[in-house]
Structures are given as structure tokens and as C-alpha cells.
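The values are calculated or read from the model by the stated rules, or taken from the named source; none is laboratory data. Only a predicted model underlies this, so the values are computations on that prediction, with no experimental measurement involved. Virtual Cβ from ideal backbone geometry, glycine too; neighbours counted across all protein chains shown. These area figures cover heavy atoms from the full protein model, side chains too; ligands, DNA and RNA do not enter into them. Shrake-Rupley method; radii C 1.70, N 1.55, O 1.52, S 1.80 Å.
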Amino acid sequence: MITKNRKPDLNVLNSSINHCVRNRDMIAAGYYFKLIYKLNLVPNLKTFTALMNGYLKIKDLRNVEKVYKTIISLAIQPDAFIFTTLFNAFKKDGSKLDHYFVEMERFKIIPTIPLMNSLLRGYGSQSDFKKLDYLLDYMKSYQLAPNLITYSSLIQVYGQHQNIKKMECCFKEMISKLIKPDLIIFNTMLEAYSNVVQTDQMLLMYHTLKDYNVKPDVITITILLNHFISVNDMKQIVFILDQSLSMGLRLDVTLFNSVIKAFTRQIIFQSNSVLHDTRNGTLTAFQNSKFLNFNETNTDDLTNTNLFLSNKVQSLYSNLFRNNFHPNASTFSNLMKFFGTIQDWNTMEIYLKKMLHLKVKGVEGYTSAMKGFGISGQLEKMEIVYLDMCKNKIQPDSKVFDTLISEFTRWNIQDKVLIYQQLKKEWMVNSIDTCVGI
């Protein structure tokens with residue numbers, strides 16, 4: 001500690017600089033650095049190590065390099081930590097990595113695992129696979145054994161570049177050395193398998209994760225759900241959802257919206273996949289292992305699917321609020337489409353009221369609700385939705401008017417068609433209060 005009655009020595013000043021660095025206060029760190037010279041002291045490697053680390057924390061790469069040049073100008077021998085800091089600072093600059101690697105060898109620095117991991121991450125971000133192979137051999141020449149971070153860096157690089165073979169080789173090598181993979185590695189590999197649509201390997205890796213008693217997180221569930229949504233594998237979507245809810249993981253609004261869309265596609269698919277069996281005159285549902293099938297007969301199967309998915313949707317919606325997520329306009333649009341697709345008008349109306357209560361901005365939900373009521377012939381309710389929009393000062397767009405016009409056209413109510421055509425024209429020209437005149 002610096003006191004008025006005691007002249008601080010270099011160790012005290014270095015400690016003060018380190019304290020400032022921990023607080024990311026490089027102005028104060030600079031003050032103590034200048035004080036070293038004012039007191040006729042000579043900064044040492046610890047002084048410059050702290051300064052470099054501080055500038056790296058605030059991403060001031062110019063001063064990181066400036067400190068290194070000062071070290072060299074003072075003929076102070078840099079160490080492995082200095083070069084680790086440099087490699088971390090310039091991990092996105094291949095030419096700088098090359099330059100400081102040459103510098104490292106010029107000073108005959110014996111590499112450490114953290115230093116090599118920084119280099120691997122750096123050249124990995126440059127997609128320089130030849131350099132990665134060279135660095136791995138370089139590590140062997142110094143008898144440096146890769147650790148978890150080493151393998152994590154390599155798996156991430158190979159996974160991002162869809163080099164599945166090398167990614168799997170790294171994973172197998174890590175396991176053979178009894179290094180337990182962590183969640184970051186599993187998530188990286190799951191995403192890599194998803195990107196190349198290797199669903200079987202993805203599922204195997206997910207089960208391997210559980211074998212190692214690694215607990216999935218929201219990122220894991222998001223990767224899995226997005227993948228199974230993209231390949232329309234409804235059974236796996238439901239399985240992963242159940243797993244995530246049982247583990248108490250939070251499903252955010254974006255993922256919730258994607259799941260509802262997938263559920264809606266399932267119902268549309270199942271409805272459209274009913275084939276007439278000319279041999280016995282009965283209806284049978286198209287059987288697909290990726291989709292949900294509850295019974296042999298088509299009618300019960302589709303009814304049970306609707307009920308099952310409806311319960312899932314409502315449970316997931318409740319889960320959103322328990323986790324302090326707030327539904328948006330897209331959420332309610334998807335809800336209206338879902339309940340409209342299964343022709344559950346009462347539940348659709350319930351969520352319409354929820355949307356009005358939450359004063360959700362945006363027309364998507366309202367448009368979808370109007371479409372649902374229009375298709376079912378509930379034209380009075382369709383207009384009420386439009387009026388509710390106006391009461392909530394939500395400005396309609398062309399899709400709102402197009403929906404109203406198309407649904408009244410469907411039911412051959414020409415006077416309403418003319419009214420909304422006129423309102424659309426006035427809205428396009430003047431952006432006036434389009435509720436007037438109904």
C-alpha cells in the first residue's frame with residue numbers, strides 16, 4: 001500500500017498497477033507506471049506484463065504492441081506469458097501471428113500449453129489448417145501434451161469448417177487420453193453435425209453427453225430443436241422439449257415461435273397425408289416415423305395429434321412467463337395460425353384476448369386471427385378484431401385490408417368488400433383513421 005510517509009518500491013507500484021488492471025482502469029495504471037520513473041525506479045517484466053494484460057482487456061491492441069516494443073527497447077527478455085498475450089491480442093491477424101511466432105523463436109522462448117492453445121485458436125480462426133498441423137507437431141517436439149482447451153479449440157475449428165473427420169479424430173484422441181469433454185465441446189460437435197445434417201451422429205453425441213454426466217444447457221437444446229425443426233422430425237422435437245422442461249431449462253421466445261410453426265406444419269402435413277385406400281374403402285393416415293401417430297385410424301390419429309400438440313403449445317406458453325420471457329407479435333401470429341389450423345376457435349379467441357391485454361404492438365397476430373375467423377365464417381368476430389386494433393391504436397397495413405377483402409369475397413359479401421377496398425385506398429393515400437366508416 002502507498003502511504004504519504006513511505007516511499008513506494010517497485011513491488012508496491014506493480015501491485016497498484018495490477019489492481020488497476022483488474023478494474024480495467026488503464027488511466028490509473030498509466031499514472032503508477034509514470035510514477036515508477038518519477039521515483040527513479042526501473043520497471044521490470046512484471047510491470048510490462050501487467051500493462052499488456054490490461055490493454056488486452058480493454059482491447060487496446062495498439063498499446064499492447066507498444067508495450068512489447070518498449071520491453072525490447074529496454075533489452076528485457078520477454079517470456080512465454082508475454083507472447084501468449086500477444087497471440088491472444090492478434091488472434092485475428094495472421095500476419096501478426098506469424099511475426100510474433102518468429103519473434104518467440106528468436107528469443108528462444110520455451111512454449112507452454114496456454115501459449116500453444118492461443119496460437120491454435122489464432123490460426124484456427126484464420127482457417128490455416130497447415131499451420132495447425134505444424135503447431136501440433138511443434139507441441140510434440142517440446143513434449144507438450146494437449147489439454148481440454150487444446151482439444152476444445154481444435155474441435156471448434158474443425159466443426160466450424162465442417163471437417164467432421166478431423167473433429168471426430170480429436171474427440172476420440174481426447175477420450176483415449178481420459179480427458180473428459182465439457183459442454184462446450186459437446187455443443188460444438190452437435191452444431192457441426194447439424195450443419196451437415198448428420199442426424200444419427202447428432203443423437204449419438206447427445207446420448208454420449210449424458211453418459212459423461214454433462215448437463216445440457218439452453219444452447220444444447222436450441223441446437224437440437226432447430227435441427228429437428230429443420231428436418232421436420234416431430235417425435236424428436238417433442239422428446240427434446242420434454243427433456244428441456246424436465247431439466248428446468250428456459251425456452252426463449254424465438255425458439256417458442258419456431259416450435260409452434262413446426263407443430264402447425266405437423267398438423268397440415270398429417271391432414272394432407274390422408275390417403276383413400278381403394279382396396280377396402282377406408283381412410284388411413286400416411287405413416288412416417290418422424291411424425292406423431294397415436295392410433296391406427298386416421299380420424300382418431302389426427303384428433304389426438306391436435307389435442308396433444310395443443311396441450312404442448314399451451315404448456316410452453318405458460319413456461320415463457322414463468323421464465324420472464326414476453327411473447328411478441330410473431331408469437332401471437334403463430335398461436336393464431338396454430339389454433340386456426342386445428343379449428344380451435346375458442347382457444348384462438350383466448351389468446352387473442354391475451355394479446356390485447358398485453359397490448360402487443362404489430363399487426364401479425366391480428367391478421368392471423370382475422371384469417372382464422374374469416375375461414376371459419378365468423379365474420380363478425382373478424383371485424384371485431386379489426387376494431388380492437390383501432391382501439392389499441394395499432395395502425396393496419398395492406399395485409400390487414402387484403403385479409404378482410406379476401407374473406408368477405410370468399411363469403412360473397414360485396415358491400416363489405418367495397419367498404420374495405422375504399423378504406424384501403426384512403427389508408428394508402430392519407431394514412432387516416434381507417435376505423436371511420438365501418
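One table, with the values for the structure above:
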{"item": "Solvent-accessible heavy-atom area per residue, rounded to whole Å², over the stretch 114-223 at 1.4 Å", "result": "50 Å²"}
{"item": "Additional length obtainable on full extension of the chain from Ser73 to Ser318, 0.36 nm per residue less Cα span", "result": "81.8 nm"}
{"item": "Per residue, in Å², the accessible surface of the stretch 1-97 once ligands and nucleic acids are set aside, probe 1.4 Å", "result": "59 Å²"}
{"item": "Karplus 3J(HN,Hα) series, Hz, for the stretch 385-401 with 6.51 cos²θ - 1.76 cosθ + 1.60 (x for Gly, Pro)", "result": "4, 4, 5, 4, 4, 5, 4, 8, 6, 9, 5, x, 10, 4, 5, 4, 5"}
{"item": "Electrostatic dipole magnitude of the stretch 67-165 [Cβ: Lys, Arg +1; Asp, Glu -1; Cα centre; debye, to 20]", "result": "120 debye"}
{"item": "Centre separation in Å (Cα based) which lies between the stretch 241-270 and the stretch 351-383", "result": "22 Å"}
{"item": "Residue among Tyr37, Asn232, Gly54 farthest towards the positive dipole end of the chain, charges placed on Cβ", "result": "Tyr37"}
{"item": "Angle between the chain longest axis and helix 45-57 axis [Cα atoms, degrees, rounded to 10]", "result": "20 degrees"}
{"item": "Residue-level accessible surface for Tyr37, protein heavy atoms, 1.4 Å, Å²", "result": "110 Å²"}
{"item": "At R0 = 56 Å, FRET efficiency that the Cβ-Cβ distance of Asn272 and Asp137 yields, to 0.05", "result": "0.45"}
{"item": "Accessible surface, the stretch 297-438, averaged per residue in Å² (probe 1.4 Å)", "result": "51 Å²"}
{"item": "Matching label, volume of the Cα convex hull per residue in Å³ computed from the structure shown, candidates (1) 248; (2) 186; (3) 151", "result": "(1)"}
{"item": "Contour minus Cα-Cα distance for Asp93 and His207 (0.36 nm per residue)", "result": "37.2 nm"}
{"item": "Whole-Hz couplings from phi, Karplus 6.51/-1.76/1.60, listed for the stretch 103-120; x for Gly and Pro", "result": "4, 4, 5, 4, 8, 6, 6, 7, x, 10, 4, x, 4, 5, 5, 5, 5, 4"}
{"item": "Packing-based ranking, highest mean first, of 257-264, 238-245 given that Cβ atoms within 10 Å are counted", "result": "257-264, 238-245"}
{"item": "Three semi-axes of the equivalent ellipsoid, the stretch 6-86, Cα gyration tensor, whole Å, largest first", "result": "19, 15, 10"}
{"item": "With all protein chains modelled, accessible area of Leu204 [1.4 Å, Å²]", "result": "100 Å²"}
{"item": "Label zone at Asn430 (point 7 Å along Cα-to-Cβ), backbone N below 17 Å, the stretch 380-406", "result": "396"}
{"item": "Candidates Asp217, Asp252, Asp397: whichever shows maximal mean-square fluctuation once the chain is modelled as a Gaussian network with Cα springs under 10 Å", "result": "Asp397"}
{"item": "Tilt relative to the chain, helix 129-141 - C-alpha long axis, 0 to 90 degrees, to 10", "result": "40 degrees"}
{"item": "GNM top mover of Ala75, Ala29, Ala145 - the chain, alpha-carbon springs below 10 Å", "result": "Ala75"}
{"item": "Solvent-accessible area, 1.4 Å probe, carbon plus sulfur percent, for the chain", "result": "54 percent"}
{"item": "On Cα atoms only, tilt of 234-246 relative to the major axis of the chain in degrees", "result": "60 degrees"}
{"item": "Which listed pairs, of Lys235/Lys381; Lys381/Lys424; Lys140/Lys210; Lys131/Lys180; Lys381/Lys425; Lys108/Lys131, have C-alpha distances above 29 Å, in listed order", "result": "Lys235/Lys381; Lys140/Lys210"}
{"item": "Helix-derived mean residue ellipticity, 222 nm - over the chain, DSSP H n ≥ 4, -39500 (n - 2.57), to 500", "result": "-22500 deg cm²/dmol"}
